[in-house]
Each structure stands twice: as C-alpha cells, then as structure tokens.
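**Q** Shown below is the structure under consideration.
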Amino acid sequence: MKNLIGVVLVVLAGCVATPGEQKEPLPVKVVVVTMFEKGADEGDAPGEFQFWKERRDLDQRFAFPQGHHDLFYNPTTEVLGLVTGIGTAKAAASTMALGLDPRFDLSQAYWLVAGIAGIDPEDASIGSVAWSGYLVDGDLGHEIDVREIPQDWPFGYFARRTKRPFDPDKPTPNGEVFQINMALRDWAYGLTKDVLLPDPPGLAERRAVYSEHPNAQKPPFVLTGGHIAATTFWHGELMNQWANRWVQYWSDGETDFVTSAMEETGTYQSIEYLDAAGRVDKTRFMVLRGGSNYTMQPPMLSAAENLLKENEGYAGMEASLESLYLVGSVVIDELLANWAKYAQRTPTPSDLP
C-alpha cells in the first residue's frame, strides 16, 4: 500500500509541478469543499464557490488538472478552496486527488463541505442550513420497479444483501452510511445555532405555500440532521417518505434526513482512505448544507410540476449561499483564532463559550 501511494505521489508531482514551485508542502488549516461554480469564479451570479473565493481572499491559484477545478489558497490564513464537481464520482475523485497532492500538507486540516441542498419541509425552510453527522448513500441498493413489487412492499428500493425494504436483518454497512465526528458536529452547531440568517424578499412567499409544514414556514435557521447523498435528483412526497425511512434505517433510528444532495458519501469515502494512508485526519470533517429548494411539492402542485418549477431557478439559492458563508465562516474564524489549540486536537462541545 505504501509503495502504491508513493508511486501516485510521484506521478502527481510530475503532472502538476511548475518551474519555481515551492519545495515544501504548503500548510493547510481549513479546506472549504464546494461542488460547483455557475460561471466565473468572481464577479457574476454566484455558485457555491464564489463567496468563499472573493470574501476569503483565495487568490493564489494552483493548477489542478487531476481534479475538476483549479485550487485557490490564501497563504496568510492557510485556507484552501476546492471545487469537486457535481456528483459522487467527481467529488470522490477530486477529494482523493487533493489528498494525494504533494504540494499541500493536509495532516492538520479541517474540512468544511459547504453546499446547497434539497431540504425536507417537515424539518426546515429554504435558506436554512443543517450540520450533518450521518451521511447516508441513496444509490447503493437493489431496486425493482414499483409496478412489479410485492403488494406488501412500501417501496421498490431496498438494501443490498437483504430480502425486502427495511429488512431488520441488516448487513454491516459497506459504504451505505458514514457517521462522522459527532462531537465536532455538535461543537459547530453550538457555535452557530444563534446566527441570524438572511431572509431576502420573496422567500416568505415561497415558504407560505407549504401550509401543511410548520417548519417550512419559519424564517431560515440553523439546525442539525441527517444527510442523504444520491446522484439521481429525486423529488416528491413519496420519495421524501422513502428518504426519511432510508436514513432512519441506516442510522439505526438516530436521525432522519434533513438535507439531500449528491456528493457527501463519495467525498467522505475518499477522506477515510486518505486517513488510513496518513494524509488527512478524518475526525476533522464537517458537513454544512443549505436548503436551496424543498424536496417535495406544496399542496397545490404535483411532484412533477414542482420539480420543473424549481429547475427554472431554486427559490432559496441566494439565501442558502449567504447562509452557508455566514455560518461556515463562524466556524472557520474560531478555528483560525485558536489554531494553537485546535491544531493539536479537534473541538468538542466543552470548548463552547
């Protein structure tokens, strides 16, 4: 294994080295992990990366041909920005490529995933952000078309190595669920739970149509909850029911899903492998997702109508991007301000003021 890692590092060094490039790896305190940028990295309509680049002065550019998007670094704060690309495969590949990149010392780095997501109206409103401790994969499984399933099955999707949906004889997870550092998650939530989130004009109108979901009607807020990652952009009340039960199933009832996106299980799988190789510390990984859209329809629309409407432009996009930056920055600022302590150990709720 060590020989293989050495070969990979040599290959990567040969691919990305440029004349005059630093000889020693650059120290990284925080990696901000985003998944996409809509256009330019600065100066136009923002995607997930733009606020971080502009407001965190991530101005030192590093070519990253082995990943989705060039890397950007602030040599003063030692914060690094990664854009993985959308989907589990790109996220896993880009994270692994960064983790093996010899230009960076990631041994003490904290990783903050900060991206938009679908949000369950049962739990929260668009513009809200959720810290997740359970990352559940929504792709690994068996599936039978709903028109062909046994009459007593609630869904046609069920776990590998089982005989029916939500089979109590559940196998040992093998990529279906990851539980990340809950103490770090709880610390991050405790630090940010009272942050006042933006509530731009028009957002209240969109919330109001979810008349049967009290939490969906609240102004944006910070919460905790499970996260489901699936490369298929699913939508609708019935799929929402499935996602909640799927996350409950794999988390042993500890949580249901609050946010839905496409990448986290791929990203964290790479982090686990990199931790085993001594390249990163997997206990320093955090997931913050902001609700850009609801995962199911309001009472007056069908699932298809609502999905097509959302595809014209997520109602909570602007608010969720601002919320992600505001909340994520509180955590980053605390880590940087107390780096002498947090370089040596990860925060826990006992560190909260």
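The values are calculated or read from the model by the stated rules, or taken from the named source; none is laboratory data. Being a predicted model, the structure only gives us computed values, none of them experimental. A quick note on method: Cβ atoms are made from the backbone with ideal geometry, for glycine too, and the neighbour counts reach across all protein chains shown.
**Q** When the stretch 60-89 is examined, which residues are found to be farther than 19 Å from D333 by Cβ and either touching a residue at least 60 places away in the same chain (Cβ under 8 Å) or of a type in the set (D, E) (or both)?
**A** Selection gives D70, T84, I86, G87, T88, A89.
**Q** On the basis of being hydroxyl-bearing (S, T, Y) and touching a His at 6+ places or on another chain (Cβ under 9 Å), does S329 make the cut? Before you say what the answer is, go through the steps one by one.
**A** Numbers: hydroxyl-bearing (S, T, Y): yes; touching a His at 6+ places or on another chain (Cβ under 9 Å): no.
Considered against the rule, which asks whether it is hydroxyl-bearing (S, T, Y) and touching a His at 6+ places or on another chain (Cβ under 9 Å), S329 comes out as no.
**Q** Kindly establish whether K53 is surrounded by fewer than 24 Cβ atoms within 10 Å (Cβ to Cβ), modelled with pLDDT of 95 or more and over 21 Å from Y273 (Cβ atoms).
**A** Details: surrounded by fewer than 24 Cβ atoms within 10 Å (Cβ to Cβ): yes; modelled with pLDDT of 95 or more: yes; over 21 Å from Y273 (Cβ atoms): yes.
Against the criterion (surrounded by fewer than 24 Cβ atoms within 10 Å (Cβ to Cβ), modelled with pLDDT of 95 or more and over 21 Å from Y273 (Cβ atoms)), K53 qualifies.
**Q** Can you find, within the stretch 131-156, the residue that is surrounded by the most Cβ atoms within 10 Å (Cβ to Cβ) among those that are more than 20 Å from the chain's Cα centre (by Cα) and part of a strand (DSSP E or B)?
**A** Taking the stretch 131-156 first, the residues more than 20 Å from the chain's Cα centre (by Cα) are 141-156.
Then drop every residue that is not part of a strand (DSSP E or B), which leaves 142-143.
Working: H142: 14, E143: 11.
If we take residues in the stretch 131-156 being more than 20 Å from the chain's Cα centre (by Cα) and part of a strand (DSSP E or B), then H142 is surrounded by the most Cβ atoms within 10 Å (Cβ to Cβ).
**Q** Right, next: Taking the condition aliphatic (A, V, I, L, M) and either within 20 Å of A216 (Cβ to Cβ) or surrounded by fewer than 18 Cβ atoms within 10 Å (Cβ to Cβ) (or both), does L324 pass? If you could, list the steps in order and put the result at the bottom.
**A** Values: aliphatic (A, V, I, L, M): yes; either within 20 Å of A216 (Cβ to Cβ) or surrounded by fewer than 18 Cβ atoms within 10 Å (Cβ to Cβ) (or both): yes.
It is true that L324 is aliphatic (A, V, I, L, M) and either within 20 Å of A216 (Cβ to Cβ) or surrounded by fewer than 18 Cβ atoms within 10 Å (Cβ to Cβ) (or both).
**Q** Still on this structure, I have one more. If you check A159 against the conditions, is it in contact (Cβ under 8 Å) with a residue 12 or more places away in the chain, buried (at least 18 other Cβ atoms within 10 Å of the Cβ), over 16 Å from G291 (Cα atoms) and in contact with a strand residue (DSSP E or B) (Cβ under 9 Å, 6 or more places away or on another chain)?
**A** On the way: in contact (Cβ under 8 Å) with a residue 12 or more places away in the chain: yes; buried (at least 18 other Cβ atoms within 10 Å of the Cβ): yes; over 16 Å from G291 (Cα atoms): yes; in contact with a strand residue (DSSP E or B) (Cβ under 9 Å, 6 or more places away or on another chain): yes.
Yes; evaluated as a whole, the condition is true for this residue.
**Q** Working only within the stretch 71-97, note down all residues that are assigned to a helix (DSSP H, G or I) and either among the small types (G, A, S) or surrounded by fewer than 19 Cβ atoms within 10 Å (Cβ to Cβ) (or both). Explain how you work it out, then say what you get.
**A** Within the stretch 71-97, the first condition is being assigned to a helix (DSSP H, G or I), and the residues that meet it are 88-97.
Once the filter is applied, which keeps residues that are assigned to a helix (DSSP H, G or I) and either among the small types (G, A, S) or surrounded by fewer than 19 Cβ atoms within 10 Å (Cβ to Cβ) (or both), the stretch 71-97 yields A89, A91, A92, A93, S94, A97.
**Q** With the requirement that a residue be under 30 Å from D281 (Cα atoms) and either acidic (D, E) or buried (at least 19 other Cβ atoms within 10 Å of the Cβ) (or both), what does the stretch 191-211 give you? Full working, then the answer.
**A** To start, the set of residues in the stretch 191-211 that are under 30 Å from D281 (Cα atoms) comprises 191-195.
Of everything in the stretch 191-211, those that are under 30 Å from D281 (Cα atoms) and either acidic (D, E) or buried (at least 19 other Cβ atoms within 10 Å of the Cβ) (or both) turn out to be L191, T192, D194.
**Q** So, one more: If you scan the stretch 315-338, which residues turn out to be acidic (D, E), modelled with pLDDT of 95 or more and under 30 Å from M296 (Cβ atoms)?
**A** Going residue by residue through the stretch 315-338, those that are acidic (D, E) are 318, 322, 333-334.
In the following step, the residues that additionally are modelled with pLDDT of 95 or more were identified as 322, 333-334.
Selection gives E322 alone.
**Q** Can you name the number of the only condition in (1) touching a Pro at 6+ places or on another chain (Cβ under 8 Å); (2) more than 30 Å from K282 (Cβ to Cβ); (3) surrounded by fewer than 17 Cβ atoms within 10 Å (Cβ to Cβ) that N215 fails?
**A** With respect to (1) touching a Pro at 6+ places or on another chain (Cβ under 8 Å); (2) more than 30 Å from K282 (Cβ to Cβ); (3) surrounded by fewer than 17 Cβ atoms within 10 Å (Cβ to Cβ), N215 is out only on (3).
**Q** Pairs under 8 Å by beta carbon, first residue touching a residue at least 24 places away in the same chain (Cβ under 8 Å) in the stretch 330-349, partner loosely packed, with under 15 Cβ neighbours inside 10 Å and among the β-branched types (V, I, T), six or more apart or different chains?
**A** What qualifies is T346/T283.
**Q** What are the residue pairs meeting all of these: first residue in the stretch 263-283, first residue touching a residue at least 60 places away in the same chain (Cβ under 8 Å), second residue acidic (D, E) and in a helix (DSSP H, G or I), Cβ atoms under 8 Å, and 6 or more apart or on different chains?
**A** D281/D275; K282/E272; K282/D275
**Q** Out of the residues in the stretch 193-235 that are among the acidic types (D, E) and under 23 Å from the mean Cα position of the chain (by Cα), state the one that is farthest from S320 (Cα to Cα). Don't jump to the end; show me each part of the working.
**A** Going through the stretch 193-235, the residues among the acidic types (D, E) turn out to be 194, 199, 205, 212.
Now restrict to residues that are under 23 Å from the mean Cα position of the chain (by Cα): 194, 199.
On the way: D194: 16, D199: 10 Å.
Applying the filter and picking the extreme gives D194.
**Q** Identify, from the list M239, M300, the residue that is over 28 Å from S329 (Cα atoms) and in contact with a helix residue (DSSP H, G or I) (Cβ under 9 Å, 6 or more places away or on another chain). Let's see the steps before the verdict.
**A** Details: M300 fails: in contact with a helix residue (DSSP H, G or I) (Cβ under 9 Å, 6 or more places away or on another chain).
Result of the check over M239, M300: M239.
Let's see how each residue does on (1) at pLDDT 95 or above; (2) surrounded by fewer than 24 Cβ atoms within 10 Å (Cβ to Cβ); (3) closer than 20 Å to T172 by Cα:
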{"site": "W246", "(1), (2), (3)": "yes, no, yes"}
{"site": "Y249", "(1), (2), (3)": "yes, yes, yes"}
{"site": "E254", "(1), (2), (3)": "yes, yes, yes"}
{"site": "F257", "(1), (2), (3)": "yes, no, no"}
{"site": "S260", "(1), (2), (3)": "yes, no, no"}
{"site": "T265", "(1), (2), (3)": "yes, no, yes"}
{"site": "Q269", "(1), (2), (3)": "yes, yes, yes"}
{"site": "G278", "(1), (2), (3)": "yes, yes, no"}
{"site": "T283", "(1), (2), (3)": "yes, yes, no"}
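**Q** All but one of (1) surrounded by fewer than 16 Cβ atoms within 10 Å (Cβ to Cβ); (2) among the acidic types (D, E); (3) touching a residue at least 12 places away in the same chain (Cβ under 8 Å) hold for E176, so report the exception by its number.
**A** With respect to (1) surrounded by fewer than 16 Cβ atoms within 10 Å (Cβ to Cβ); (2) among the acidic types (D, E); (3) touching a residue at least 12 places away in the same chain (Cβ under 8 Å), E176 is out only on (1).
**Q** Given (1) out of contact with any strand residue (DSSP E or B) (no Cβ under 7 Å at 6 or more places or on another chain); (2) in contact (Cβ under 8 Å) with a residue 40 or more places away in the chain, identify the lone condition not met by L112.
**A** (1)
**Q** Which one is farthest from S132 (Cα to Cα) among residues in the stretch 273-325 that are over 16 Å from the mean Cα position of the chain (by Cα) and of a type in the set (D, E)?
**A** E305
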